[in-house]
Amino acid sequence: MNQDYTQYAIENYILKITGVFNYDKEFYEKAINSNYKELKFPEDTLKFSKDYFYPEFRKQFYSNDKLRHKILVKDYIEVLKVDLFEYKFDSKTEINKEISLVILDSRLDLFDEGFAMFTINIKIDSNNISLFQYSDACYLARNFETNIKNSIYKKWHSFIDNIILLGSITKGKSVVVDEYSGSKYKLYMVLDLPELILKETIKPLLFDIGTVSMIGSANGNSYYSMDKEYINQLIKFNSITVFNNWEGLALLDTFSIVGNKIIDNEKKKNTYSNIYHGIYLYGLFIKYELFKHNYDISDLDEDKRKEFQDFISEYYYNYISYNFLPTEIYYKIRSALDIDKELKLLNEKMIAVGQKIQEEQQARTNVILGIVMVLSTLASIQQIQGYIILTQKWIGLNDNETLSIVIVLVLGIVLYVYGKNILKWIKKRKK
């Protein structure tokens, strides 16, 4: 039997999108001049985090430590509105979905090597919000190429690049991790529905929200409905089921929580909007970084391998919290993002790359040993000079030509042995 979702009114909700971008040395000052400011956690949050999270993880994501990565935030006092829409299939005039959104605030996490993540907190521009509106908002807000009305920017990603990120870019050849994102931003969604009392009703709705499917897909039997076995498998392995009044679902592109009376006051809303959302951000950061290093590590660059080792040492934590709930959330996010598989793949690649480098070094060493053995058979420098003079007369070269050939041979040997190190030094000098 199909569920009638029209009876449910959304009392409170959270809708955030996250993506990646590259930034340069001038970006921080540019952001500060554009009313961004460094995030400073209040004392009560710092005290809570100290009792909640392990020190190293807390330092990077829930502290005001000077060694924390730069986190910039901006509240939009003036209404920043955007109208998103999608045309019907095979049409450039008929609109299929549309929604008006208001940007509440944005957050920029600036990490090493010019890599950064942005998060936009979104509000639907409507007094009474239905589940169908919320679903449409999620669907339109997560796609890079969603159209915009009443704006100089025709696409959603262009609006984000220019208004939120001040001219930085979220997609294209220069954004390597864009390969991982595909054509979608990541979604963090929390829905508070007071009428949603029965646990068995939460699960299908959670699936619809988490997969950004049409509302009713999980319970439906239409052409577009999901296979029941697939739904049950996804819920079984990816859901977070701890309390009776809510349930969470961690997937590759989304993290969603559906329940009743879970964000009905400011304290609860802060927990879901900042504490749990911070765990999701950390999971995305690890995933993006592992993908980036997996992409970079294949060119045998020792500096890039060292960067990976530094990243693991500074940012990768197996455990983040003293409490069971954030730990459960973290592990489900890790599983959904395939972080452990990505790390295993990267370690295997590191071993393979290391073996290849060792083989190349051994081959070069063998060549040098061969040259040394040949030279060692010669009695003296005078004997070497004698062979050079005989060769010079036999070929018919003058002294300058002979000297040039000897220099070229010596340089060739030096480049063969130390070529990569020389190129690396030149690159560093250019930077």
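Here segment 131-158 is the region considered, the condition is being more than 18 Å from Tyr188 (Cα to Cα) and aliphatic (A, V, I, L, M), and the residue that is farthest from the chain's Cα centre (by Cα) is Ile152.
Among residues of segment 142-168 being hydrophobic (A, V, I, L, M, F, W, C) and out of contact with any strand residue (DSSP E or B) (no Cβ under 8 Å at 6 or more places or on another chain), the one that is surrounded by the most Cβ atoms within 10 Å (Cβ to Cβ) is Leu166.
Within segment 112-146, the residues that satisfy the criterion of being in contact with a Ser or Thr (Cβ under 6 Å, 6 or more places away or on another chain) and part of a loop (DSSP other than H, G, I, E, B) are Asp125, Phe144. Selection of first residues in segment 275-295 that are closer than 14 Å to Arg107 by Cβ and of second residues that are of a type in the set (D, E, K, R) and at pLDDT 95 or above, restricted to Cβ pairs under 9 Å at least 6 apart or on distinct chains, gives the following pairs, ordered by first then second residue: His277/Lys16; Tyr280/Lys16; Tyr280/Lys186; Leu281/Arg107; Leu281/Asp109; Leu284/Lys186; Phe285/Asp109. Considering segment 54-71, and only residues there that are of a type outside the set (Asp, Glu) and loosely packed, with under 15 Cβ neighbours inside 10 Å, the residue that is nearest to Asp310 (Cα to Cα) turns out to be Leu67. Among residues belonging to segment 4-21 that are surrounded by fewer than 17 Cβ atoms within 10 Å (Cβ to Cβ) and more than 14 Å from Tyr134 (Cβ to Cβ), point out the one that is modelled with the highest pLDDT. The residue in question is Gln7. Suppose we filter segment 118-143 for residues that are over 19 Å from Leu281 (Cα atoms) and touching a residue at least 12 places away in the same chain (Cβ under 8 Å); how many remain? Matching residues across segment 118-143 total 16. Residue count for segment 299-316, restricted to those that are of a type in the set (Ser, Thr, Tyr) and either touching a Phe, Trp or Tyr at 6+ places or on another chain (Cβ under 9 Å) or at pLDDT below 80 (or both): 1.
In this structure, is Tyr36 modelled with pLDDT of 90 or more and more than 20 Å from Leu187 (Cα to Cα)? Give the steps one after another, and end with the answer.
On the way: modelled with pLDDT of 90 or more: yes; more than 20 Å from Leu187 (Cα to Cα): yes.
Yes, satisfied.
How many of the residues in segment 67-87 are within 26 Å of Ile32 (Cβ to Cβ), part of a strand (DSSP E or B) and touching a residue at least 24 places away in the same chain (Cβ under 8 Å)? Qualifying residue count, segment 67-87: 10.
Checked against the criterion of being surrounded by 16 or more Cβ atoms within 10 Å (Cβ to Cβ), farther than 30 Å from Gln309 by Cβ and touching a helix residue (DSSP H, G or I) at 6+ places or on another chain (Cβ under 6 Å), the candidates Lys97, Lys74 yield just one match: Lys97. In segment 283-297, the count of residues that are more than 21 Å from Leu252 (Cα to Cα), within 19 Å of the chain's Cα centre (by Cα) and at pLDDT below 85 is one or more.
Of the conditions (1) at pLDDT 95 or above; (2) farther than 20 Å from Tyr282 by Cα, Asp44 clears all except one; give me its number. The single condition Asp44 does not satisfy is (1).
Residues of segment 88-102 that are in contact (Cβ under 8 Å) with a residue 12 or more places away in the chain and among the charged types (D, E, K, R): Lys97, Glu98.
The strands (runs of 3 or more DSSP E) located wholly in segment 147-259 that include 3 or more residues which are farther than 30 Å from Ile32 by Cβ and at pLDDT 80 or above occupy 186-192, 246-250, 254-259.
Just one of the listed residues (Lys341, Lys268) is part of a helix (DSSP H, G or I), at pLDDT 85 or above and under 22 Å from Ile235 (Cβ atoms), and it is Lys341.
The values are calculated or read from the model by the stated rules, or taken from the named source; none is laboratory data. All of these numbers come straight from a predicted model, not from anything done at the bench. We place every Cβ from the backbone using ideal geometry, glycine too, and count neighbours over all the protein chains shown.
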